[in-house]
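Encoded as structure tokens, the structure appears first; notes follow it.
Every number here is computed from the coordinates shown, using simple stated rules; none is lab data. Source: prediction; values computed, not measured. We place every Cβ from the backbone using ideal geometry, glycine too, and count neighbours over all the protein chains shown.
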Amino acid sequence: MKKELFKHEIVILKNTYIRLLRRNAKTNLIKLIKKTHPADLAIVFRYFDDEQQHEVFSLMKNNEHTVEFLIELDDVFIGKLLNLESTERITKIIQDASTNDQSYIINALKNTHAESIINQLKIEEKEEIEEILAYPEDSAGALMETDIFTLYKNTTCREALKTLQDQQEAEMVFYLYITDDDNSLVGVASLRALTTTNPQTPLKEIMVKKVHKVGPETDQEEVAQIVAQYNYLAVPVVDRDNILLGIVTVDDVVDVIREEATEDFLQMAGAGKDREILLKSSWENAKIRIPWLFASWIGGIIASYVIGNYQNMLENIIILTAFIPIIIGMGGNIGTQSSTIIVRGLATGRITIGNEIKIIIKELKVGLILGVLYGLMLGVFASLQFVNSNPIIGIVVGLSICFSMLIATGVGTFTPLILKKFDIDPAIATGPFVTTSIDILGVFLYFIIASYLLVI
């Protein structure tokens, strides 16, 4: 009900914007922009054409509201909007934003445009942004907030509270990160512990010394797994000397989980990994899919070659032809299901080296159960449908379905695990490999069983 209500509100908001744009009611548009939450505005923005997008953005003020709006957009949209804007306006928009937000927006721009904007920022901001941009795109360093609140370990709770009250720009002060004489991270304390402890107690006595931390090069997926597993609000990022560089907050992690899941499913479907693929032209879309579909094309050629080698069998027992699509289809479906489960399990950390054998056995059991079930059903159907033909046909079809689904489950399960061991992203190669290999193996197995059981 809430979901439907939200959709209804978005539709009303979209129609309101479009109506005001058609009337060129700029004053009303400015008021509406100011009242619209940045996240809602980002959703509505997708419904506008290019001209409408630029018109709305031109009316937006150079303030925090506009920054929040840009952060809610994917980098494709940011690039489309800002690459046509002047360096001066972009600088004014982001000058008071956090370093993390600044780097996200700048990273979406063309290199020459980005360099011009960086050069116009304050020296300290420029250095911080250049440092963040130097980290890999999908790393903790690129994701972290650098405006963090730290306290010395011998600071008393009373002094910490006074210092905390004077803080205005620090990001996420739900956790107090505590350092030693060398500015090395030695522990973390919660606000609850701070406010419920004797004011004269030093922080080193209430802090948790065992801190989950990551390096700036750590992949964002690993950071997301830590947050999800331990329900943290933030994870500290430290360098090799254990000096605190920044923190990755839970709101950034939510975005990471959504983005990574979208990319994984797009790649498994053979549609590339661009989350905004719908915004690309038909030709660009086609180019992305060509290599993925080529793998399936090759598999089809090999499968047709296998079928051609059993031409004599098909000519003598034409009924066999009728069951080729269902054998290939059932194997492909269950193989895709298994591979999707495994890839998702690897991405979320639910499948590890310790439990992978258990998962494999479980999936193979599922494949066997479903194979036997559908093998019996299709075998009985074949026998009844072609009652005047060779009675062995039903057995051939039933066994083929059973073994095909079992093998497909094995291929779908093992492939992503093997790719993972070789440090190849399972989401990229699993889909095309699984579907292609199952097509070939399914057809080959079908004819092998038929050649042994049928007398031609």
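What share of all Cα pairs of the range 299-424, in percent, falls into each consecutive 5 Å distance bin?
2, 11, 17, 18, 15, 13, 9, 7, 4, 2, 0
Place the peptides 83-93, 20-30 in order of packing, highest mean first, counting for every residue the other Cβ atoms within 10 Å and averaging per peptide.
For the peptides 83-93, 20-30, the packing ranking is 83-93, 20-30.
Extension gain LYS358-ASN312, at 0.36 nm per residue separation less the Cα-Cα distance, in nm?
Taking 0.36 nm per residue and subtracting the Cα distance, the gain is 12.2 nm.
Using every alpha carbon pair in the range 73-167, what percent of pairs falls into each 5 Å bin from 0 up to the bin containing the largest distance?
Whole-percent P(r) values from 0 Å outward: 2, 12, 22, 19, 15, 9, 8, 6, 4, 2, 0.
Based on the inverse mean of 1/r over its pairs of different Cα atoms, what is the Kirkwood hydrodynamic radius of the range 150-259, in Å?
After inverting the pairwise mean of 1/r, the radius is 14.5 Å.
Output the relative contact order of the range 126-206, whole-number percent, from Cα pairs under 8 angstrom with separation of 6+ residues.
31 percent.
Against the longest alpha carbon principal axis of the chain, how many degrees, from 0 to 90 and to the nearest 10, is the axis of helix 111-120 turned?
20 degrees
For a Förster distance of 22 Å, can you work out the FRET efficiency between the beta-carbons of ARG158 and LYS210, rounded to the nearest 0.05?
0.30
For the range 150-259, calculate the relative contact order in percent as a whole number, restricting contacts to Cα pairs under 8 Å that are 6 or more residues apart.
Normalised by residue count, the contact order of the range 150-259 is 24 percent.
Quick one: length gained pulling GLU9 to GLU85 fully straight, 0.36 nm per residue minus the C-alpha distance?
Full-extension gain reported as 24.3 nm.
What order, most packed first, do the peptides 206-213, 8-15 have when packing is the mean number of other Cβ atoms within 10 Å of each residue?
206-213, 8-15
Which order do the peptides 328-339, 99-110, 365-376 take when ranked by the mean count of other beta-carbon atoms within 10 Å per residue, highest first?
Descending packing order for the listed peptides: 328-339, 99-110, 365-376.
Local charge sum around LYS209 (other residues, Cβ-Cβ under 15 Å, Lys/Arg +1, Asp/Glu -1)?
In short, +2.
Sticking to Cα atoms, compute the Rg of the chain to one decimal and its Dmax as the biggest Cα-Cα distance, whole number, in Å.
29.3, 94
What is the range 384-437 by shape, rounded, prolate or oblate, if you read a ≥ b ≥ c off the alpha carbon gyration tensor as root eigenvalues and call it rounded for a/c under 1.5, prolate for a/b larger than b/c, and oblate otherwise?
prolate
Bin by bin, in steps of 5 Å, what percent of the Cα pairs in the range 2-143 do you find, going until the bin that has the longest distance?
That works out to 2, 9, 19, 21, 18, 12, 10, 6, 3, 0, in percent per bin.
Arranged by the count of other C-beta atoms within 10 angstrom, fewest first, what order do THR430, THR321, THR146 take?
THR321, THR146, THR430
Just to verify a number: FRET efficiency for ARG258 and PHE381, C-beta to C-beta distance, R0 = 51 Å, to 0.05?
The calculated FRET efficiency here is 0.75.
With each pseudo-label sitting 7 Å past Cα toward Cβ, what's the THR150-ASP74 distance in nm, one decimal?
That separation, rounded to one decimal, is 3.7 nm.
What does the helix-only formula give at 222 nm for the chain: each DSSP H stretch with n ≥ 4 adding -39500 (n - 2.57), the total divided by the residues, and the result rounded to the nearest 500 deg cm²/dmol?
Calculated from helices alone, the mean residue ellipticity at 222 nm is -21500 deg cm²/dmol.
Could you give the nm distance between label points at ASN24 and TYR230, where each point is 7 Å from its Cα heading toward the beta carbon?
My value for the distance between the label points is 5.9 nm.
Roughly what would the spin-label model give for VAL372 and LYS110, points 7 Å off Cα along C-beta, in nm?
Spacing of the two 7 Å Cα→Cβ label points: 6.5 nm.
On a 0 to 90° scale, report how tilted helix 250-268 is relative to the longest principal axis of the chain, with both axes built from alpha carbons and the result rounded to the nearest 10.
Its long axis makes an angle of about 20 degrees.
On C-alpha positions alone, give me the angle between the axis of helix 2-23 and the longest principal axis of the chain, in degrees, nearest 10.
70 degrees
Hey, how many Å between the Cα centroid of the range 182-216 and the Cα centroid of the range 63-94?
Measuring centre to centre over Cα atoms gives 37 Å.
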